[in-house]
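S.K.: The structure that follows is given in the form of structure tokens.
Where a number appears in this text, it was derived from the coordinates with a stated rule and is not lab data. Keep in mind the model is a prediction, meaning the values are calculated, not measured. Note that each Cβ is placed from the backbone with ideal geometry, even for glycine, and that neighbours are counted across all protein chains shown.
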Amino acid sequence: MLTDRAHLEVRAGAGGNGCLSFRREAHVPKGGPDGGDGGRGGDVILLVDDSLRDLQAFRRRVHFRGQRGGHGQGSQRHGAAGDPVIVRVPPGTQVEKWDGTRYDLVRPGQEVTIARGGAGGRGNTRFKSSTRQTPRIAERGLPGEEGRVELHLKLLADVGLVGLPNAGKSSLLARLTRAHPKVAAYPFTTLEPALGTLEGEDRQLVIADIPGLIEGAHEGAGLGHDFLAHVERTRLLVHVLDLAPLDGSEPVENHRVIEHELAEHDRRLAELPRILALSKADLVPEEDAATAAATWEERLGVPVIVTSAATGRGLDELRTELLRRVPLAEPVDEEAGEDEVAAFRVFRPAAGRAFAVEKLGDGEFRVTGDAVDRLIARHDLDNEEALALVEHRLRRMGVIAALESHGFEPGDDVELGGVVFELDPS
Ligand SMILES: Nc1nc2c(ncn2[C@@H]2O[C@H](COP(=O)(O)OP(=O)(O)OP(=O)(O)O)[C@@H](O)[C@H]2O)c(=O)[nH]1
Ligand SMILES: [Mg+2]
């Protein structure tokens, strides 16, 4: 396959710390709190840049860091947000994040925030309340997200082969190009789009076999949905239609199903130029093939080619027609914004439980979970007031109750967010 790979190490900026400060004025002996908030850390953003063709640049540079948010200051001055770092990638880049989330970056100008900057901590001004006039507490900024990102460039195809499973798409791809896709007498043989290059006299065309399209694909049925995004950038579609379907289904209905899925996914797909390739002509009598070709030509008004991957019939004609009809590549410059159809696909891993409690030994426990980690990271636990607040929040989150159900008693050692301390919630 025509691929290229790279990986990045990214780290978004940490949030700035909130400030603990009190107003000082000549005539006011004890001013109120005036500590400002910390600024948000800078994100790491991937941006699709049309002028790039490959992932070469990432051989030299792997680390990308967002800027740290500024710390809050007295007199209610908030810290500045950290600058994001923008990483440019070529169109056709597939991205997999450390947590398994995946993005398909296709369009110039499309962007995705791959690592979020940490939130800034709140200054003590925010902790003022009717019962707490002089809060001696301010939050720390949170670390930015960080991790490893895999990049995988898939060349975008000029021509897409579409059709129902088992229609003979892979067989055609194998005959037209030097690709060696698996071919077998059952549907869903091909599980991922396969690419091949058709060599013309003065140019090459990249042809993609788009598998898995079935009824309901645009709503997620089968595998086809994932691949419809690849069809979007093709400039011509070859609809491969089996003249003699094994399952006895009707070609007219089979044709309708595929066209309907394409149009439902994106109306522009309905408008892409088409060639109809009637496949497996060697399996039907010659008159039937000729009649079918004439009928389809009249019905659709597009070029219809009778083909057989088995005998080679119609393949030269198909090759010629492809090279003639696919316009020479011109830089794609689509208006951003209006053009957000299937901009990228995203797989989100199932959300984890909020927190988990383990008993490590007698009077020793460990609590893990993102929300708990964030709470601990935010606060300085040597500060009595902050500790009381943390305990209060833990109770509200249900952590204390969960600990108690594991046999916890006040004063036991609890590891939270990687820090062990004696928890004694009042
Ligand atoms: N007799 C004959 N059989 C063919 C021809 N083209 C494909 N076949 C057979 O039809 C079956 C399906 O062919 P494939 O090329 O795997 O079909 P496909 O559209 O890629 O199918 P999926 O990958 O499942 O979507 C295989 O058993 C092929 O050998 C042809 O021109 N003549
Ligand atoms: Mg196939």
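S.K.: Tell me the trypsin sites (Lys or Arg not before Pro) within segment 45-90 that lie in a loop according to DSSP and have at most 14 other beta-carbon atoms within 10 Å. Walk me through the numbers on the way to the answer.
M.R.: Values: sites: R53, R59, R60, R61, R65, R68, R77, R88; in loops: R53, R61, R68.
For trypsin sites (Lys or Arg not before Pro) across segment 45-90 that sit outside H, G, I, E and B with at most 14 neighbouring Cβ atoms in 10 Å, the list reads R53, R61.
S.K.: Please arrange T311, T131, T113 by how many other C-beta atoms lie within 10 Å of their C-beta, fewest to most. Could you put the intermediate results ahead of the total?
M.R.: On the way: T311 11, T131 5, T113 14.
Exposure proxy ranking, most exposed first: T131, T311, T113.
S.K.: What does DSSP give for the chain in terms of the percent of beta bridges that are antiparallel, rounded to the nearest 5?
M.R.: Working: 40 of 68 bridges.
Taking every DSSP beta bridge with both residues in the chain, the antiparallel ones total about 60 percent.
S.K.: If you don't mind, another one. So who's got an amide H within less than 5 Å of the one on L236, skipping anything under 5 residues away but keeping other chains? H placed 1.01 Å off N, in plane.
M.R.: The list, which skips near neighbours in sequence, is G160.
S.K.: For an R0 of 25 angstrom, estimate the FRET efficiency from the Cβ-Cβ distance between R396 and A80 and round to the nearest 0.05.
M.R.: Values: r = 32 Å, r/R0 = 1.28.
Given R0 = 25 Å and the Cβ-Cβ separation, E is 0.20.
S.K.: Right, something else. If one takes the longest principal axis of the Cα atoms in the chain, at what angle in degrees, from 0 to 90 and to the nearest 10, does the Cα axis of helix 315-325 lie?
M.R.: Orientation of helix 315-325: about 60 degrees from the principal axis.
S.K.: Give a residue-ordered list of calculated ³J(HN,Hα) values for segment 111-124 (Karplus: 6.51 cos²θ - 1.76 cosθ + 1.60, θ = phi - 60°; whole Hz; x for Gly, Pro).
M.R.: My calculation for segment 111-124 gives 9, 9, 7, 8, 9, 8, x, x, 5, x, x, 7, x, 5 Hz in order.
S.K.: Quote the charge dipole size of the chain about the Cα centre in Debye, to the nearest 20; the model charges only the Cβ of Lys and Arg (+1) and of Asp and Glu (-1). Can you show the working numbers first?
M.R.: Values: 53 positive and 70 negative charges, 361 e Å.
Around 1740 debye, computed over the chain.
S.K.: Let me ask something additional. With the contact rule set at Cα under 8 Å and sequence spacing of 6 or more, what percent relative contact order holds for segment 1-127? It would help to have the intermediate numbers written out before the result.
M.R.: Numbers: 392 pairs, mean separation 47.5, N = 127.
So the answer I get is 37 percent.
S.K.: So for the pair V302, E409, with labels modelled 7 Å out along Cα→Cβ, what separation do we get in nm?
M.R.: So the two model labels end up 7.7 nm from each other.
S.K.: Right, here's the next one. Once phi is turned into θ = phi - 60°, what whole-Hz ³J(HN,Hα) does the Karplus curve with 6.51, -1.76 and 1.60 give for every residue of segment 68-83, x standing for Gly and Pro?
M.R.: 6, x, x, 6, x, 9, x, 6, 6, 8, 8, x, 6, 5, x, 6
S.K.: Further question: Just subtract the alpha-carbon distance of D382 and D99 from 0.36 nm times their residue separation and send over the number in nm, one decimal.
M.R.: Values: separation 283, 0.36 × 283 = 101.88 nm, distance 3.27 nm.
Difference between extended and current length: 98.6 nm.
S.K.: Also, I was wondering about something else. Lysine pairs in the chain with alpha-carbon atoms under 26 Å apart, 8 or more places apart or on different chains: how many are there?
M.R.: Numbers: K30/K128; K97/K154; K154/K169; K154/K182; K169/K182; K169/K280; K182/K280.
For the chain, the number of qualifying lysine pairs is 7.
S.K.: Let me ask something else about it. Got the relative contact order for the chain handy, in percent, Cα pairs under 8 Å and 6 or more residues apart?
M.R.: Values: 1035 pairs, mean separation 58.7, N = 426.
So the answer I get is 14 percent.
S.K.: Give the residues of segment 182-196 whose amide nitrogen is closer than 19 Å to a point set 7 Å from the Cα of S249 in the direction of its Cβ.
M.R.: The answer is 183-193.
S.K.: Tell me which chymotrypsin sites (Phe, Trp or Tyr not before Pro) from segment 60-129 have a DSSP coil assignment and no more than 14 other beta carbons within 10 Å of their own. Walk me through the numbers on the way to the answer.
M.R.: Working: sites: F64, W98, Y103, F127; in loops: W98.
Filter output for segment 60-129: empty list.
S.K.: A further question follows. At 7 Å along Cα-to-Cβ for each site, give me the label-to-label distance between T131 and E287 in nm.
M.R.: 9.5 nm
S.K.: Let me ask something else. What's the long-distance tail for the chain, i.e. % of Cα pairs beyond 38 Å?
M.R.: So the portion of pairs separated by more than 38 Å is 45 percent.
S.K.: A further question on this structure: Pull up all non-local amide H partners of L241: gap of 5 or more, or a different chain, and H-to-H distance under 5 Å with H placed in the peptide plane.
M.R.: Here the answer is A277, L278, S279, since their amide H atoms fall under 5 Å of that of L241.
S.K.: A follow-up question, please. Express in nm, to one decimal, how much length is gained between R313 and K359 on full extension, taking 0.36 nm for each residue of separation and deducting their alpha carbon distance.
M.R.: Numbers: separation 46, 0.36 × 46 = 16.56 nm, distance 7.16 nm.
The R313-K359 span can extend by a further 9.4 nm.
S.K.: Pairs of alpha-carbon atoms within less than 8 angstrom and 6+ residues apart define the contacts here; what relative contact order does segment 62-202 have, in percent?
M.R.: On the way: 171 pairs, mean separation 23.1, N = 141.
Reported relative contact order: 16 percent.
S.K.: Another question about this same structure. Among 183-190, 274-281, how do they line up by average Cβ neighbours within 10 Å per residue, starting with the highest?
M.R.: Working: 183-190: 13.8, 274-281: 23.8.
The peptides rank, most packed first, as 274-281, 183-190.
S.K.: Let me ask something additional. Nearest 500 deg cm²/dmol is fine: what mean residue ellipticity at 222 nm does the chain get from its DSSP H runs of n ≥ 4 alone, each adding -39,500 (n - 2.57), divided by its residue count?
M.R.: Details: 10 runs with 97 residues, N = 426.
One gets -6500 deg cm²/dmol as the mean residue ellipticity at 222 nm.
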